[in-house]
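Have a look at the structure below before the remarks.
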Amino acid sequence: MQNQDVVAIAKTGSGKTLGYLLPGFMHIKRLQNSTRNGPTVLVLAPTRELATQILDEAVKFGRSSRISCTCLYGGAPKGPQLRDLDRGVDVVVATPGRLNDILEMRKVSLKQVSYLVLDEADRMLDMGFEPQIRKIVKEIPHRRQTLMYTATWPKEVRRIADDLLVHPVQVTIGSVDSLVANSSITQHVEIITPSEKQRRLEQILRSQDSGSKILIFCTTKRMCDQLARTLTRQFGASAIHGDKSQSEREKVLNQFRSGRSPILVATDVAARGLDIKDIRVVINYDFPTGVEDYVHRIGRTGRAGATGVAYTFFCDQDSKYAADLIKILEGANQRVPRDLEDMASRGGGRGRKRNHWASRPDRGGSRSELDSRYSSRDGLASSGKSESGRGSRGRDDNGSRGRFTMA
């Protein structure tokens with residue numbers, strides 16, 4: 001509001017979108033720029049899902065002020081997007097790849113942009129978009145207000161903040177120095193073998209209230225499709241991943257939002273930016289390649305003050321993440337399974353694989369008794385009711401805009 005650059009470090013689901021859109025609208029009304037000369041506000045987002053969700057909010061809240069908006073993203077024809085730009089818009093929401101394509105076609109000018117937002121900056125860097133971001137920023141005047149939103153604060157994000165922002169104000173919700181999960185989410189981590197996953201998943205699904213929205217994550221597109229087909233026979237499920245066309249993705253997401261298909265099986269393409277209300281349960285069928293993605297996956301539930309439940313299947317091959325996962329659980333005041341502590345203490349899963357459904361002297365109980373324990377806990381839980389490679393790193397040839405110092 002005071003035209004200062006801002007770095008906002010906030011957990012997912014904290015309502016940041018309106019936090020930058022509404023000041024952006026006021027900025028547009030104050031300047032009264034002609035849309036024929038290009039947009040005044042530019043928002044960059046890592047995925048087309050997040051970009052289209054931002055556009056929906058911009059259209060909804062900007063309509064009464066006659067603020068025009070468009071969204072530029074890959075996987076869809078350029079024609080309608082170019083027509084919007086030709087007519088002139090106040091706000092452009094874009095993924096870096098598609099915006100760069102259109103810039104190279106010389107179909108849009110950013111010379112009038114004076115309000116720049118980088119949403120989920122850490123994710124954009126993870127996806128290798130740093131070169132594209134720097135190319136885009138070269139097309140924007142230095143006299144601008146830049147706002148960077150990020151869920152984490154690693155050195156790569158600090159470096160690009162240092163280059164692109166001038167003496168920014170830092171706003172932090174939660175911890176800066178460590179990755180913290182939303183404490184509104186009840187986390188259940190289960191040490192399990194791959195052959196047990198399907199049966200355990202079906203137990204969890206049967207324990208939930210009918211119609212509850214459930215998001216299931218797999219690490220591969222093949223497993224995502226396979227699991228969705230298997231679940232459809234009993235429960236009804238849809239799949240979303242990077243090989244789906246844009247029209248297929250939109251259809252699946254609309255069915256999930258409306259509740260017509262309440263179970264969604266997804267790869268990490270949906271782990272960040274996907275803002276669907278009332279997701280009750282997140283299930284990590286496969287553990288991700290790092291605890292940062294784990295935090296963002298489970299962050300699809302427990303949003304905007306609501307509570308949620310997350311189940312995670314943790315196998316022997318995931319043992320290298322055990323110690324980091326324990327830190328996440330402890331940081332959110334969650335129960336740490338003894339098996340997980342054992343796995344971390346021996347530095348990996350080199351010992352005999354454990355089986356939750358076998359009779360064991362150390363735990364006691366028969367197979368049916370262990371199943372009963374799971375069923376009881378599930379009842380309590382329910383009643384509370386661009387997959388791209390990393391790109392190369394580069395620095396802006398124009399030099400930095402100002403030094404960033406942490407508060």
How many residues are surrounded by 23 or more Cβ atoms within 10 Å (Cβ to Cβ) and either among the basic types (Lys, Arg) or within 17 Å of the chain's Cα centre (by Cα) (or both) if we restrict to the stretch 52-72?
1
Across (1) at pLDDT below 95; (2) at positive phi; (3) in contact with a helix residue (DSSP H, G or I) (Cβ under 9 Å, 6 or more places away or on another chain), Pro46 clears everything bar (2)
Being within 25 Å of Val252 (Cβ to Cβ) and outside any loop (DSSP other than H, G, I, E, B) is the requirement here; does Ala58 meet it?
yes
Of everything in the stretch 135-162, what is modelled with pLDDT under 95, of a type in the set (D, E, K, R) and in contact with a helix residue (DSSP H, G or I) (Cβ under 8 Å, 6 or more places away or on another chain)? Give them in sequence order.
Glu156
I'd like to verify a number: residues in the stretch 84-118 that are out of contact with any Ser or Thr (no Cβ under 9 Å at 6 or more places or on another chain) and of a type outside the set (A, V, I, L, M, F, W, C), how many?
10
Among the listed residues Asp286, Asp275, which satisfies the condition of being modelled with pLDDT of 95 or more, among the charged types (D, E, K, R) and either surrounded by fewer than 13 Cβ atoms within 10 Å (Cβ to Cβ) or not in a helix (DSSP H, G or I) (or both)?
Asp286
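Taking Leu116 as the residue in question, decide whether it is within 22 Å of Arg36 (Cα to Cα), buried (at least 20 other Cβ atoms within 10 Å of the Cβ), hydrophobic (A, V, I, L, M, F, W, C) and out of contact with any helix residue (DSSP H, G or I) (no Cβ under 7 Å at 6 or more places or on another chain).
On the way: within 22 Å of Arg36 (Cα to Cα): yes; buried (at least 20 other Cβ atoms within 10 Å of the Cβ): yes; hydrophobic (A, V, I, L, M, F, W, C): yes; out of contact with any helix residue (DSSP H, G or I) (no Cβ under 7 Å at 6 or more places or on another chain): yes.
Spelling it out, Leu116 is indeed within 22 Å of Arg36 (Cα to Cα), buried (at least 20 other Cβ atoms within 10 Å of the Cβ), hydrophobic (A, V, I, L, M, F, W, C) and out of contact with any helix residue (DSSP H, G or I) (no Cβ under 7 Å at 6 or more places or on another chain).
Just checking, does the stretch 7-30 include any residue being in a loop (DSSP other than H, G, I, E, B), of a type in the set (D, E, K, R) and within 23 Å of the chain's Cα centre (by Cα)?
yes
The values are calculated or read from the model by the stated rules, or taken from the named source; none is laboratory data. Given the structure is predicted, the values throughout are model-derived calculations rather than measurements. Heads up, the Cβs are rebuilt from the backbone with ideal geometry, glycines too, and the neighbour counts pull from every protein chain shown.
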